[in-house]
Amino acid sequence: MALKPEPTAPFHSVQYALRVLETVSKHGNGVTDAQISRETGLPTGHLASLLLTLRREGYVEQVSDGAYVIGASLLLLGSGAARRQALEDRLQHTLTELRDSVGAAVYLSRYVDGEVSVTQVADGPLTPAVNEWVDFRSSAHASAVGKCLLAQLDHDGRRDHISRHRTARLTSRTITNEKILFSQLDAQSATVPVLDLQEYAVGTICAAVPLTAGSAAGCLALSLPIEDAHRLRAAAETLSRRAAPVLLSLAL
């Protein structure tokens, strides 16, 4: 039902804000201010100040195309399965934006209970995900994701992982010598992306950056076909710069 603004009545402002939040929540992929105005009946002039307030308080966010999505403060008000789903959807939206920014498939991974786990992927027709021809859990020594996660473990943690998942040769570039592998992991700077230059699969190159939240090991990664190797450096730098919003989404 369309609303008729009555700015002199304080409770009406709350009512308007609730209608706006309901409208934004209905549109998981974002909604423009013009569409919010049509659905709520609020004039764009009145809506603009309300959206500004909601943005400042974190209840809505404006994404790269100008559309509005639900914000962190609103997500925190939820609970249970609905909240978890909302957080997952929000994170997927962030990954999709990142995919479009870097022009590559993007992966979110964690090290959970002694195993590499790729928890979310954002890919598409023009940015296909890497073909998982060997289980990522068994190929941490060869993939950018795996090496980035192993680099965040201590020596004993790495030895434990390698004792359960042997360093098999997947391509001619795969490092199978444990001493060399650990030496490279020790030398890896947290500010420099970890690379996989056809170590996991011929024809595919990858980069990964750590997502450190407390003691939990996580990472953000991308993959490109070898013919796009000239884009890897710039894409990896963008990935590193954009890691903070992803980490924020995980922390909610």
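Please express the shape of the chain as an equivalent ellipsoid: the semi-axes are the square roots of 5 times the eigenvalues of the C-alpha gyration tensor, given largest first in whole angstrom. Mind dumping the intermediate values first?
Details: eigenvalues 380, 66, 36 Å².
The three semi-axes for the chain are 44, 18, 13 Å.
What 222 nm value per residue comes from the helices of the chain, counting each DSSP H run with n ≥ 4 as -39,500 (n - 2.57) and dividing by all residues, nearest 500 deg cm²/dmol? Don't skip to the end; give the middle numbers.
Details: 10 runs with 112 residues, N = 252.
Helices in the chain give a 222 nm mean residue ellipticity of -13500 deg cm²/dmol.
Can you tell me, using C-alpha contacts under 8 Å and at least 6 residues apart, the relative contact order of the chain as a whole percent? Don't skip to the answer; put the middle values down first.
Working: 388 pairs, mean separation 38.7, N = 252.
Over the chain, the number comes to 15 percent.
Between Arg55 and Ala168, 0.36 nm times their residue separation minus their Cα-Cα distance comes to what? Working shown, then result.
Details: separation 113, 0.36 × 113 = 40.68 nm, distance 5.03 nm.
Once the chain is fully extended between Arg55 and Ala168, it gains 35.7 nm.
With a 10 Å cut-off between alpha carbons and a GNM built on the chain, which of Leu150, Leu239, Leu47 moves the most?
Among Leu150, Leu239, Leu47, the largest GNM mean-square fluctuation belongs to Leu47.
Using a basic spin-label model with each label point 7 Å from the Cα along Cα→Cβ, how many nm lie between Trp133 and Gln85?
The modelled label-to-label distance comes out at 3.8 nm.
Rounding to the nearest 20 debye, state how big the charge dipole of the chain is about its Cα centre with +1 on each Lys and Arg Cβ and -1 on each Asp and Glu Cβ. Don't skip to the end; give the middle numbers.
Numbers: 24 positive and 26 negative charges, 33 e Å.
Here the chain has a charge dipole of around 160 debye.
Throughout, read-outs are computed from the coordinates displayed, never taken from laboratory work. The shown structure was predicted, so the numbers you read here are calculated from the model rather than taken from an experiment. FYI the Cβ positions are ideal-geometry reconstructions off the backbone, even for glycines, and counts take in every protein chain you see.
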